[in-house]
Amino acid sequence: MKGKILVTGGTGFIGSHTVVELQEAGFDVVIVDNLSNSSADVVDGIEKITGIRPTFAKIDCNDIDAMRDLFKKEGNISGIIHFAASKAVGESVQKPMLYYRNNLVSLLNIMDLMTEFNVKAFVFSSSCTVYGEPDVNPVVETSPVKPALSPYGNTKQIAEEIIRDGSVPGTCYKSIILRYFNPIGAHPSAEIGELPNGVPQNLLPFVTQTAMGIRKELSVFGDDYNTPDGSCIRDYINVIDLAKAHVKALDRMLEDKSEAPVEIFNLGTGTGVSVLELINTFTKVTGVEVPYKIVGRREGDIEKVWGGVDKANDVLGWKTEKTLEETLESAWKWQLKLRERGLM
Ligand code: UD1
């Protein structure tokens, strides 16, 4: 066993795929999740894939006493990956205090507990949202951080600052901040995947639900952007590729290879794909049409952003392996599985 890793938000979309990769790399995993946006059944899905049942504790990271009890009970936690956070941009505008509390109090608690329990390695889930609308693509880690467009985006920026400021000399742990582009797809086994609550806000779950007939049609938010086909461009990264980068990040810190107390890496494919390209590729690989209509722009949307990933390639020794086609296929297989299970 390589060590014990605490994964907050470990039953969520990215969290669950990362738990699988951690177990497959030989780590012992303890999941903490308050199940506010996921289900305990995900633990069964993880066990089906890896044959190992991770420890699961239903705890809210904002509850420092419950978290401390868990640290005491588990003992010897080598590293923490902190996914647990609220992530709906629109909701964050409606309920800013909820977002600041959920996303920042939990972080402060974890940083305090890492010091108290002498944890060595910390991985934080950040987002390309910190770059706002970039002046130049691809964006790299040294590209300017732009003023946040929502309380959600602001929590990621503030969290990055807290981690930087908290890393004073003598801190027992190293940190790696990972800035995700747009994670999509599902485990090829279709045992775990993305399961949004209610109407999906993100593009791919809306595409797969429309293809399934759950939604009548997809609204494409704008075709008058300054892009080749007029629709917005993003960097869609396979969730398993993304998950593997977390293992590399932990290994780097646990093997004392970090070159600074806090390091930042972009995690993307390095390639931009438009909304219309994504829909067309989905139809090409699945053979299923996705009814869509072009509607007005969504407020606050970024026109185009994709990530420069040389630093993650060279320093972490990580690169994406999955194609967009296989990623879309995996998402469709997951959607079919949800239907089979009567969940969608
Ligand atoms: C969004 C958030 C981002 C957050 C991320 C979390 C905004 C502006 N940004 O990113 O801060 O980190 O989710 O997952 O909300 N689209 C459609 N029709 C749809 C849904 C989406 O055309 O029904 C388009 C959007 O206009 C966008 C692209 O698809 O161009 C991707 O949208 P989405 O999946 O919501 O991701 P982001 O906007 O990149």
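Would you please classify the overall shape of the range 120-253 from the alpha carbon gyration tensor, given that a ≥ b ≥ c denote the square roots of the eigenvalues, rounded means a/c under 1.5, and beyond that prolate means a/b larger than b/c while oblate covers the rest? It is oblate, given that a/c is not under 1.5 and a/b is not larger than b/c.
Rounded to the nearest 0.05, the FRET efficiency derived from the C-beta distance between E321 and I294 at R0 = 22 Å is 0.10. Simple rule: put +1 on each Lys or Arg Cβ and -1 on each Asp or Glu Cβ in the chain, find the dipole, and look at S258, I279, I59; the Cα lying farthest toward the positive end is I59. In straight-distance terms, cross-link reach from K319 covers every one of the lysines whose alpha-carbon lies under 19 Å from its own, apart from those fewer than eight places away in the same chain; here that gives K244, K248, K257, K311.
Shown for the range 1-121: lysine pairs separated by 8 or more places, or found on different chains, whose C-alpha atoms are under 29 Å apart, numbering 24.
For the chain, the pair-distance distribution built from all alpha carbon pairs, in bins 20 Å wide starting at 0, is 31, 61, 8 percent. 3J(HN,Hα) along the range 315-327, derived from phi through the Karplus expression 6.51 cos²θ - 1.76 cosθ + 1.60 where θ = phi - 60°, amounts to 8, 7, x, 10, 8, 6, 10, 8, 8, 4, 4, 5, 5 Hz, with x in place of Gly and Pro. What you get for the chain, charging only the Cβ of Lys and Arg (+1) and of Asp and Glu (-1), is a dipole of about 460 debye around the Cα centre. Amide hydrogen proximity for S86: with H placed 1.01 Å from N in the peptide plane, the residues at 5 or more positions away or on another chain lying under 5 Å are N103. The residues of the chain present an accessible area of 43 Å² per residue when probed at 1.4 Å with all protein chains retained.
Projecting label points 7 angstrom from Cα along Cα→Cβ for K73 and N118 puts them 2.3 nm apart. Summing charges over all other residues whose Cβ lies under 14 Å from the Cβ of N280, with Lys and Arg as +1 and Asp and Glu as -1, gives -4.
Relative to the longest principal axis of the Cα atoms of the chain, the long axis of helix 64-74 makes an angle of roughly 70 degrees.
Considering every pair of different Cα atoms, what Kirkwood radius, in Å, is found for the range 30-123? Mean inverse Cα-Cα distance, inverted, gives 14.5 Å.
From helices alone, the chain scores -11000 deg cm²/dmol at 222 nm; the rule is -39500 (n - 2.57) for each run of n ≥ 4 DSSP H residues, then divide by the residue total. The portion of the accessible surface of the chain made up by carbon and sulfur, rounded to a whole percent, is 50 (1.4 Å probe; DNA, RNA and ligands excluded). Of all DSSP beta bridges in the chain, what percent run antiparallel (nearest 5)? Just about 5 percent of them are antiparallel. Apply the a/c threshold of 1.5 to the C-alpha gyration tensor of the range 102-159 and tell me whether it is rounded, prolate or oblate. Cα axes put the range 102-159 in the oblate bin. Radius of gyration over Kirkwood radius for the range 188-344, both on Cα atoms: the Rg/Rh ratio is 1.01. In a simple Cβ point-charge model (Lys, Arg +1; Asp, Glu -1; nothing else charged), the range 34-146 has a dipole of about 120 debye relative to its Cα centre. Loop-resident trypsin sites (Lys or Arg not before Pro) (DSSP state other than H, G, I, E or B) in the range 163-267 with no more than 16 further Cβ atoms inside 10 Å of their Cβ: K216, K257.
The values are calculated or read from the model by the stated rules, or taken from the named source; none is laboratory data. In this text, all values refer to a predicted model and were calculated from it rather than measured experimentally. Counting neighbours? That spans all protein chains shown, and the Cβs are built from the backbone with ideal geometry, glycine included. We work out accessible area using only protein heavy atoms, side chains counted, and drop any ligands, DNA or RNA first. Shrake-Rupley method; radii C 1.70, N 1.55, O 1.52, S 1.80 Å.
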